[in-house]
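Student: Quick one: the structure is below, and I'll ask about it shortly.
Bear in mind these aren't lab numbers, they're just calculated from the coordinates by the rules spelled out. What you see is a predicted model; the values in this text were computed from it and never measured. Virtual Cβ from ideal backbone geometry, glycine too; neighbours counted across all protein chains shown.
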Amino acid sequence: MTKMIEIRDLTRIYGDGAEVRALDGVNLDIGRGEFLAIIGPSGSGKSTLLNQIGILDTPTSGRILLDGVDITKSSEKERSRLRNRKLGFIFQYHHLLPDFNAIENVMMPLLINGVKRSKARKIASRMLEEVGLFDRMDHRPNQLSGGQNQRVAIARALVNSPEIVIGDELTGNLDSRASDAIYELLRRLNREHEQTFILVTHDEAMAAKTDRVIRIVDGQIVEDSG
Amino acid sequence: MFEMNIAIRHIRSRQRQTIFSVIAVALAVAIITISMSMLSGFTSYIVDATVENQPHVTVSPEEDEDYIYLYHGLLNYIRRQECVIAASPRYQGDCALQYQHNVEGVVLYGINPGDETKILNVEKDIVAGDFMSLTGPGNRIIMGSKLAENLEAEIGDAVTAKFPGSKPTDFTVTGIIRTGTQADETLAYANLGQVQGFYDKGDIITGIGVRVLDIYAADTLAEKIDYETGYDATSWMEGNREILDLIDQQAGFAYIFYLLIFAISGFGIANILIMVVMDKVGEIGMLMAMGTSRRSILLIFLFEACILGMMGVIIGSVLGYVSSVMLASYTIPVPPEMYFGLDHLPFLITPKNFIIAGVFAMAINIIAGAYPARRASKMDPVEAIHEV
């Protein structure tokens, strides 16, 4: 498997007075198409690691290479572009834009990328079909259930065909039946599109179902089943 | 354009905030344009009244004198001056006019109609009869509209002029004049020769009215005449210094007032936009996560401010225009003494005022929107996403 993500000596320190080492010299390689979970207690640094891989945050020291590109040395403009093209985010809260309906939300990453409206609409509706919400495309978030909104968020995360999909506690707001359905959906998409899925979770049961579990405690990787 | 679409959608979805901010701008623009129209109207009326209804320069007798005795030479001297268009000799005197059982106090102006029309546009205020009729045979008189009303006299009637020491003389009414000022109650014109005859003091006058090419050069001419002839000459500006200063002062206060209104409206808008940004923290974070640049975020909220501003300016301008037109057509019963002799609120609706108000309102909107927009663009996406 080719290396999608290479992390070398990643350190992230917060605060001026009382220092907090959220990440402490982390080293990690993740390949293309992997389906893995990052698990750890609250405050362990798992979300921080995710934010680093997701180019939402910059490290205090160390390097991250996404598909060979050193993102710690990229400009603000380049980072935005990479975020748009190479990454897809799914958070615990769906964060759909409430003023837009389902299909418009899914189209958003494409429009940011400069794709023409009509083409974006086509791709987005196909994506909604894949997550089983084709007939709800004109509904706004306040007209959909939590689980449905999360599925729209997943469609949006995947619409630009990103190479890396990041999920941060994405079943935290859902009941077990909806959680299972989401998991199955992600698994299927991973198999069909060969995207790298990194799921941060505290749900041991879900983590166990993935192909690789990385356990993190106090900013350091203590266990890596891959 | 991507950012514009998001901005428009925000505005359409958040109706209450949209309405509030549009009203804030519209009210400010409406109030200010109505006020500007009134100020313009007032200023224009005053300038008209001062410049157009009196001679640019008035020459009066020497200090302790009541009359100008050898005026023909003086007239020629004045007419020879480069900047002078015309000069008109006048004999102004008080008298009483009687018609049947009505008697009124009057200021009688003896003039040569031909000369007088050259220094002032008297004919435009004539509402009945003809100013030049004063050149006709016999004693003729033109009187103010209110004066005629009070005397119950009409064209063709003969009124009697009376003054202690003068022989009562009949004058036939051949014209009515309405200036729109208090003068309509006491004004009367008659032929210079006939008035001189009535007062019987010989061929003398009480003053000369002069019209000049450039009204702002009136001062200089007045000084020159004063210096070279010893007669007292005043320009329209001197005579109205107080009013002109008052107008400037009022305009100054008005502008400060407008700025304050705009400032208040601006704070109102900034407040509303800050609320919108705070409401949308999660959205902003997500947009950034999807790859929207900070610059784009800034543009989205600036566009919102601009669109709301435009809507407010348009509605406010329409409101201001309609209100001004309505107020202008409404004649207010204000006693003339109270308001510089006006019997209605003067309005002057000019595009210039509306454009100025509109530009300022847009500027305030953009400034007010800049702070919230900047805050939005400077958010940390991680914090923003997790704040919800």
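Student: What value does region A:145-206 have for Rg/Rh, both radii from Cα atoms and Rh as Kirkwood defines it?
Tutor: Taking Rh as the inverse mean 1/r over Cα pairs, Rg/Rh reads 0.93.
Student: Using 0.36 nm per residue, how much length does the chain from residue B:275 to residue B:16 gain when fully extended, once their Cα-Cα distance is taken away?
Tutor: 92.0 nm
Student: Sequence-distant or interchain residues sharing an amide H contact under 5 Å with residue B:177, placed H: which?
Tutor: Excluding prolines and chain starts, which carry no amide H, the hits are B:127, B:143, B:144, B:145.
Student: Quickly rank B:5-11, B:126-132 as a protection proxy: mean count of other C-beta atoms within 10 Å, highest first.
Tutor: The most tightly packed comes first, giving B:5-11, B:126-132.
Student: For residue A:215, enumerate residues with amide H under 5 Å from its amide H, sequence gap 5+ or separate chain, H modeled in the peptide plane.
Tutor: A:39, A:222, A:223, A:224, A:225
Student: Sequence-distant or interchain residues sharing an amide H contact under 5 Å with residue B:140, placed H: which?
Tutor: HN-HN under 5 Å from residue B:140: B:172, B:191.
Student: Just the C-alpha atoms of chain B: what Rg/Rh do they give, with Rh taken as the Kirkwood radius?
Tutor: We get a ratio of 1.24 for chain B.
Student: Still on this structure: What are the ³J(HN,Hα) values, in whole Hz, obtained from phi via the Karplus relation 6.51 cos²θ - 1.76 cosθ + 1.60 with θ = phi - 60°, for each residue of region B:250-265 in sequence order, with x given for Gly and Pro?
Tutor: 4, 4, x, 4, 4, 5, 4, 4, 4, 4, 5, 4, 5, 4, 4, 4
Student: Also, I was wondering about something else. Okay, helix-only estimate at 222 nm for the protein assembly as shown: each DSSP H run of n ≥ 4 adds -39500 (n - 2.57), divide by all residues, round to 500 deg cm²/dmol; what do you get?
Tutor: Per the formula, -15500 deg cm²/dmol.
Student: When B:4, B:326, B:286 are ordered from fewest to most other Cβ atoms inside 10 Å of their Cβ, what list results?
Tutor: The fewest-first ordering by Cβ neighbours comes to B:326, B:4, B:286.
Student: Sticking with the crude label model, points 7 Å out along Cα→Cβ, report the distance from residue B:321 to residue B:83 in nm, one decimal please.
Tutor: A separation of 4.1 nm, rounded to one decimal place.
Student: Compute the angle between helix A:102-112 and the longest alpha-carbon principal axis of chain A, please, reported from 0 to 90 degrees and rounded to the nearest 10.
Tutor: On a 0 to 90 degree scale, this one is about 60.
Student: Separate question: Residue B:182 versus residue B:76, label points 7 Å from Cα toward the beta carbon: distance in nm?
Tutor: For residue B:182 paired with residue B:76, the spin-label model returns 4.0 nm.
Student: While we're looking at this one, here's another question. Across peptide A:113-120, how many C-beta atoms of other chains are within 10 Å of each residue C-beta, on average?
Tutor: 1
Student: Got a sec? Charge dipole of the protein assembly as shown, +1 on Cβ for Lys and Arg, -1 for Asp and Glu; which of A:208, B:326, B:110 is way out at the positive end?
Tutor: A:208
Student: Give, rounded to the nearest 20 debye, the magnitude of the charge dipole that chain B has about its Cα centre when Lys and Arg contribute +1 at Cβ and Asp and Glu contribute -1 at Cβ.
Tutor: Dipole about the Cα centre, nearest 20: 2580 debye.
Student: Please build a GNM for chain B, connecting alpha carbons under 10 Å apart, and tell me which residue among B:209, B:369, B:136 fluctuates the most.
Tutor: Highest fluctuation among the options: B:136.
Student: OK, next. Hey, if you put +1 on the Cβ of every Lys and Arg and -1 on every Asp and Glu Cβ in region A:1-68, which of A:64, A:5, A:18 ends up farthest toward the positive end of that dipole?
Tutor: A:5
Student: Take the Cβ-Cβ distance between residue A:138 and residue B:248 as r, set R0 to 56 Å, and report the resulting FRET efficiency rounded to the nearest 0.05. It would help to have the intermediate numbers written out before the result.
Tutor: Details: r = 62 Å, r/R0 = 1.10.
That pair, residue A:138 with residue B:248, gives E of 0.35.
Student: Under a 10 Å cutoff between Cα atoms, tell me which one of B:113, B:55, B:168 has the largest fluctuation in the Gaussian network model of chain B.
Tutor: Of B:113, B:55, B:168, the Gaussian network model singles out B:168 as fluctuating most.
Student: Also, quick follow-up: Based on Cα coordinates alone, diagonalise the gyration tensor for region B:275-326, multiply each eigenvalue by 5, take square roots, and list the semi-axes in whole Å, largest first.
Tutor: 36, 11, 5
Student: Tell me the volume per residue, in Å³, of the convex hull enclosing the alpha carbons of region B:145-207.
Tutor: Convex hull of Cα atoms, per residue: 102 Å³.
Student: Let me see the P(r) profile for region B:62-230: every Cα-Cα distance counted, bins of 10 Å, each bin given as a percent of all pairs.
Tutor: 10, 37, 33, 16, 3, 0
Student: Among A:116-122, A:150-156, B:277-283, what's the highest-first ranking by average C-beta atoms within 10 angstrom per residue?
Tutor: My ranking of the peptides, most packed first, is A:150-156, B:277-283, A:116-122.
Student: Please name whichever of B:362, B:151, B:39 sits farthest to the positive end of the charge dipole of chain B, dipole taken about the Cα centre and charges placed at Cβ: Lys and Arg +1, Asp and Glu -1.
Tutor: Result: B:362, furthest along the dipole toward the positive end.
Student: Moving on to the next point. Once you order the gyration tensor axes a ≥ b ≥ c over the Cα atoms, which shape class does region B:1-146 get: rounded for a/c under 1.5, otherwise prolate or oblate by comparing a/b with b/c?
Tutor: Details: a/c = 3.90, a/b = 2.63, b/c = 1.48.
Prolate shape, in that a/c is at least 1.5 and a/b is the bigger ratio.
Student: OK, next. What's the magnitude of the charge dipole for region A:3-224 around its Cα centre, counting Lys and Arg as +1 and Asp and Glu as -1 at the beta-carbon? Answer in Debye, nearest 20. Show your work: numbers first, answer last.
Tutor: On the way: 31 positive and 32 negative charges, 212 e Å.
That gives region A:3-224 a dipole magnitude of about 1020 debye.
Student: What residues of region B:79-102 lie in the reach of a label at residue B:135, counting those whose backbone N is under 19 Å from a point 7 Å from the Cα along Cα→Cβ?
Tutor: From region B:79-102, the list is B:86-91.
Student: So, one more: From the gyration tensor of the Cα coordinates in region A:3-224, what semi-axes in whole Å does the equivalent ellipsoid have, largest first, with each one equal to sqrt(5λ)?
Tutor: After scaling each eigenvalue by five and taking roots: 29, 20, 16 Å.
Student: Between the helical axis of B:351-377 and the dominant principal axis of chain B, each derived from Cα atoms, what acute angle in degrees is found, rounded to the nearest 10?
Tutor: 20
Student: Further question: Hey, any idea what Rg/Rh is for region B:6-72, computing Rh the Kirkwood way over Cα pairs?
Tutor: My calculation of the ratio gives 1.59.
Student: Return, for the Cα atoms of the protein assembly as shown, the radius of gyration and Dmax in Å, separated by a comma.
Tutor: That works out to 42.8, 131 Å for Rg and Dmax.
Student: Let me ask something additional. Report, in whole Å, the centroid distance computed from the Cα atoms of region A:133-169 and region B:6-46.
Tutor: 41
Student: Within 10 Å of each Cβ in A:84-95, how many Cβ atoms from other chains are there, averaged over the peptide?
Tutor: Rounded to a whole number, the mean comes out at 4.
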